[in-house]
Amino acid sequence: MAHLCTILPFPARRLGPRAALPPVDDFAVEQLGHAEDHLAVITADIEVARESALSGIRLEGLGGVRSGRTLLWACRLVLTIVNLRGNPEEDHDLSRAARAWLQRRGQANG
């Protein structure tokens, strides 16, 4: 019977110094974690509202989308992304609008 494959030997591993990993940007990691959390809440609110709407629930019964909770988390997401961009002059108007909306809702500090 003929063999249909050939086993190739792996080259010997060379143990030597590993390339140093760049330092972790703790600020970026923290802000990206916050952004991910904010987006998860927004997505969940929208998914629940869509399922409710498909079930015949009227606009008034669509939970966080209707109550403003989704918008609250969207404002927080905007501020987090603005922090990551590091360009406060360019994003000033957007940042100011999100902060003002949160302050009017009494949610400026989270």
Note to self: Sequence gap at least 6, Cα distance under 8 Å: using those rules, report the relative contact order of the stretch 26-104 to the nearest whole percent.
What the structure shows: 33
Note to self: On a full-extension model of 0.36 nm per residue, what is the gain between SER67 and ASP25, subtracting their alpha-carbon distance, rounded to one decimal in nm?
What the structure shows: 11.5 nm
Next item on the list: Give a quick list of trypsin sites (Lys or Arg not before Pro) in the stretch 1-81 that DSSP marks as loop, anything other than H, G, I, E or B, with at most 13 other Cβ atoms within 10 Å.
Entry: ARG13, ARG14, ARG18, ARG58
Notebook entry, point to check: GluC sites (Glu not before Pro) within the stretch 1-103: which are DSSP loop residues with at most 10 other Cβ atoms inside 10 Å?
Noted result: GLU89
Next item on the list: Evaluate E = 1/(1 + (r/R0)^6) for ARG99 and VAL48, where r is the Cβ-Cβ distance and R0 equals 30 Å; express this FRET efficiency to the nearest 0.05.
Entry: 0.65
Check: How long are the semi-axes of the ellipsoid equivalent to the stretch 4-110, from square roots of 5 times the Cα gyration tensor eigenvalues, in whole Å, largest first?
Finding: 44, 26, 10
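Every read-out reported here was derived from the displayed coordinates using simple, explicitly stated rules and does not represent laboratory data. From a predicted model like this one, the values you see are computed outputs, not experimental measurements. Neighbour counts are summed over all protein chains in view; Cβ atoms, including those assigned to glycine, are modelled from backbone coordinates with ideal geometry.
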